[in-house]
Amino acid sequence: MQRRQFLKSSSALVGLSPFLLNSPIITLNTASGINTEVVKLKIGAFDCMIFQDMQFKYMAKDFFINADAEELTEALKEYNGTPENIPSPFIAILLQHEDRKILIDTGIGFSEKPIVFRGASHEFKGRLHYLLQQENIRTEDITDVIITHFHPDHIGGVYSADAQLNFPAARFHMHGDEWQYWHSSQSDNQPALFKFFIEKNITKLKNKNLHLIKGDIVELIPGITAVRADGHTPGQIALIIHSGREQLLYISDAFLHPLHIERIDWQTNYDLDHQKAKLSRIKLLELAYKDNMLVNAFHFDFPGLGRIDKRSGTWVWNYEER
């Protein structure tokens, strides 16, 4: 599959192709040049901003643990990657409608000094809060925070380095099964750093404005529906943002790379249950394909926007032109 070439333009693309009819309008904040960290689009009545919290690098030994090495090396070339260098952003999304400002995931967080944990030094310099300031979004005006699952790159920005709640007026939405797993002995064998991030950013929300959801499909907020997508973690959720005829499916970490769409059996070291993860992937692929939804993926090339297609019975990822 040849990836579409991105258009180096900030112009809206709706109307250029039948494929884009009724698509959200995508524009770029070009203040920092082509490699912008903020992408803006409209999803019906929602104003949406996608922020690049930071850029990270993964390795094939973690992203594709059961792939044939030779086949994987060749496949990664289509995405400008190698087994030793798989670029990946961390993102967060802000949705604004009327008096609500809704943040989806909070990035890795920012600490001026490295965090020393069990003798190892870790540096976390996520840019979400800086980018919110640049867009004149005050964190105290955020009304809702949706946490898709409890991995560090999604929860690290809930509290500041000095243990202050970054979104003091927000209601925090997350799945009850995610909360239960990470606050029980079931998670005892999980990485200690993950547990550290949860204790620092999630556990302290217990007596705050916390909304633990149940079930498979739940409307969190008018226009935002949570879809259970477990396997990566026990309570991960994907989100359908819908307004009028427009829809965006946020898949979080159900897929970590486009090759997990195109090679549905390739597994990642970060999924707790590979079989459940595969079933969740299929569910989301069928959902996106059926309604030709615009899809946003947390770890795909920023801003992670694209659509799902099918060719000869195989799922295909197409990056959205921008």
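The values are calculated or read from the model by the stated rules, or taken from the named source; none is laboratory data. Since the structure is predicted, the reported quantities are computational estimates derived from the model, not experimental observations. All Cβ positions, even for glycine, are placed from backbone atoms using ideal geometry, and neighbour counts span all protein chains on display. We work out accessible area using only protein heavy atoms, side chains counted, and drop any ligands, DNA or RNA first. Shrake-Rupley method; radii C 1.70, N 1.55, O 1.52, S 1.80 Å.
Quick look at the numbers
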item: Tally of residues being among the charged types (D, E, K, R), touching a strand residue (DSSP E or B) at 6+ places or on another chain (Cβ under 9 Å) and either at pLDDT below 95 or not in a loop (DSSP other than H, G, I, E, B) (or both) across segment 199-238; result: 5
item: Long-range neighbours under 9 Å by Cβ, at least six apart or interchain, first residue open to solvent by 30 Å² or more (accessible area, probe 1.4 Å) within segment 297-322, second among the small types (Gly, Ala, Ser) and not in a strand (DSSP E or B); result: GLU321/SER17; ARG322/SER9; ARG322/SER10
item: ARG228 being open to solvent by 20 Å² or more (accessible area, probe 1.4 Å), more than 16 Å from the chain's Cα centre (by Cα), under 26 Å from HIS97 (Cα atoms) and basic (Lys, Arg); result: no
item: Sole exception among (1) in a helix (DSSP H, G or I); (2) surrounded by fewer than 17 Cβ atoms within 10 Å (Cβ to Cβ) for ILE261, by number; result: (2)
item: Hits in segment 287-315 - residues which are under 19 Å from the mean Cα position of the chain (by Cα) and either assigned to a strand (DSSP E or B) or among the charged types (D, E, K, R) (or both); result: LEU294, VAL295, ASN296, ASP301, LEU305, GLY306, ARG307, ILE308
item: Segment 82-110, subset closer than 20 Å to ASP62 by Cβ and of a type in the set (S, T, N, Q), residue least open to solvent (accessible area, probe 1.4 Å); result: SER88
item: Residue in segment 99-117 that is among the basic types (Lys, Arg), in a loop (DSSP other than H, G, I, E, B) and within 30 Å of GLN180 (Cβ to Cβ) present; result: no
item: Residue, most open to solvent (accessible area, probe 1.4 Å), within segment 264-286, restricted to residues that are assigned to a helix (DSSP H, G or I) and among the polar types (S, T, N, Q); result: GLN275
